[in-house]
Amino acid sequence: MTQQVSGSPFLKPFFLKTPVSVVSPLRQRRHTLPASEFRNLTPQDAISVFEIEREAFVSVSGECPLTLDEVLNFLGQCPELSLGWFEEGQLVAFIIGSGWDKERLSQEAMTQHVPHMPTVHIHVLSVHRHCRQQGKGSILLWRYLQYLRCIPGLRRALLICEDFLVPFYLKAGFKEKGPSAISVSNMQFQEMEYMLGGQAYARRNSGC
């Protein structure tokens, strides 16, 4: 049995395989939300986004990549550069990006959106704590990168990450650009680049 998933006009519908089961007519009538959906985020999703982000990052580094105000700002200015994964109406994973206009990321890139530029800065990828270790991070990233390929004018994606995440992004097709000039609370990062051309990379379960 398959279920169709659709979202933004740029996101082609695809099908998720689900176990065949007998569902009562009463349960069928009550179940109105799609089992799984990918779509762009809106400012109305900001609270759910921030709650997932805060739980994922504060316990590890003490810092959130984006404050709630910054989440609201990016989802208001460039919602088309975000992607959320919803299961039965609940947000389980998300990516937020913004436009950037320089070769490398700088401290200003953390809070700015530069429209109509060929570069996307990926600020954050986060998965709900109950959905980790299921490969959702790598699947969402794959969907997001294929989605970006469909947006006219985009040529590449940049991000910064800690050293322990470099292998995850290398598997996704990113290349290392070297140490980043950005620092947050004395934390150091590597800058990664993904060119939005060529063949899509194969899905891999990273454990995220």
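The values are calculated or read from the model by the stated rules, or taken from the named source; none is laboratory data. This one's a predicted model, so the numbers in the text were calculated from it and none came from an experiment. Positions of Cβ are backbone-derived with ideal geometry, glycine not excepted, and every protein chain shown enters the neighbour counts. All accessible areas refer to the heavy atoms of the entire protein, side chains included, with ligands and DNA or RNA removed. Shrake-Rupley method; radii C 1.70, N 1.55, O 1.52, S 1.80 Å.
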A correct Karplus calculation of ³J(HN,Hα) over the stretch 124-134, with 6.51 cos²θ - 1.76 cosθ + 1.60, θ = phi - 60°, whole Hz and x for Gly and Pro, returns 7, 10, 9, 10, 4, 4, 7, 10, 7, 6, 10
Compute the Cα gyration tensor for the stretch 73-208, then decide on rounded, prolate or oblate, letting a ≥ b ≥ c be the square roots of its eigenvalues: rounded whenever a/c is under 1.5, prolate when a/b is larger than b/c in the other cases, and oblate in all that remain.
-> rounded
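In whole percent, and with a 1.4 Å probe on the protein chains, what portion of the accessible area of the stretch 53-189 is carbon and sulfur?
Values: 3230 of 6220 Å².
C and S fraction of accessible area: 52 percent.
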For labels at Gln112 and Arg132 in the simple 7 Å Cα→Cβ model, what's the distance in nm?
-> 3.3
Whole-Hz Karplus ³J(HN,Hα) for the stretch 151-156, in order, using 6.51 cos²θ - 1.76 cosθ + 1.60 and θ = phi - 60°, x for Gly and Pro?
-> 8, x, x, 7, 10, 7
Can you pull the one-decimal nm distance between simple spin-label points at Glu55 and Cys150, each 7 Å off the Cα toward Cβ?
-> 2.9
Measure of size requested: the Rg and Dmax of the stretch 30-152, with Cα atoms as the atom set and Å as the unit; please supply both.
-> 14.3, 51
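For Val184, Val124, give the ranking by accessible area with the largest first, probe 1.4 Å.
Details: Val184 35, Val124 5 Å².
From most exposed to least exposed: Val184, Val124.
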Per residue solvent-accessible surface (Å²) - the stretch 106-152, probe of 1.4 Å = 43
Evaluate the Debye formula for the stretch 67-113 with equal point scatterers sitting on the alpha carbons, no solvent, and hand back log10 of I(q)/I(0) at q = 0.30 Å⁻¹, in q order, two decimals.
-> -1.14
Would you calculate the separation in nanometres between label points at Val166 and Ser185, each defined as 7 Å from the Cα along the Cα-to-beta-carbon direction?
-> 2.3
Whole-percent pair-distance distribution, where bins are 10 Å wide, for the alpha carbons of the stretch 107-177 | 16, 49, 32, 4
Per principal axis, largest first, the Cα atoms of the stretch 100-140 extend in Å by 36, 18, 16
Just the accessible area for Glu63, please: 1.4 Å probe, Å², rounded to the nearest 10?
-> 70
